[in-house]
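The structure appears right after this line, and notes come after that.
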């Protein structure tokens, strides 16, 4: 073997070793979505089923107002997962106050489906008056208005099993919604 070859191989090895130690990983290509708003993914069939169910549950309520359907976003999902992992120890519903719109759900048991969670948020519609953009006194409407927020186009959600046996569901929306004095549609 020639000296230049050995030097080149040694340099390549040291560079790869440095990158591995520094935790640098090659970036994945941007996600693409198909016509049904599902991302191209290598996720397990169960995970793909959750993604599909979260999207269908949200888009059912958006379609009632002829609002563009949400599409799945891996970056939002990663953000939600990181926040959920921080909340897993105490299972408290504390918002991340990140750059996205955010809905959170807590349940005592792990059996909650994405549809049941989204339906619980959307059930706030009975307290919300779209014409006046007001929520009934003492009620919560922000989860519902985030679901139907017209400018929100992307969604990422996670289910986090908490250390105490509870379940947190966190959904992130981009662009965010729920601006004061603005109607969702």
If only one of 84, 101, 156, 107 is modelled with pLDDT under 95 and in contact with a strand residue (DSSP E or B) (Cβ under 6 Å, 6 or more places away or on another chain), which one is it? 107
Select, from 145, 115, 132, 140, the only residue that is surrounded by 11 or more Cβ atoms within 10 Å (Cβ to Cβ), over 13 Å from the mean Cα position of the chain (by Cα), modelled with pLDDT of 95 or more and outside any helix (DSSP H, G or I). 140
What tally of residues in the range 160-177 results from selecting those that are at pLDDT 95 or above and not in a strand (DSSP E or B)? 3
In this structure, is residue 33 modelled with pLDDT under 50 and within 21 Å of residue 114 (Cβ to Cβ)? yes
Conditions (1) in contact (Cβ under 8 Å) with a residue 40 or more places away in the chain; (2) within 15 Å of the chain's Cα centre (by Cα); (3) part of a helix (DSSP H, G or I); number of the one not met by residue 82: (1)
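The values are calculated or read from the model by the stated rules, or taken from the named source; none is laboratory data. Computed from a predicted structure; not experimentally measured. We place every Cβ from the backbone using ideal geometry, glycine too, and count neighbours over all the protein chains shown.
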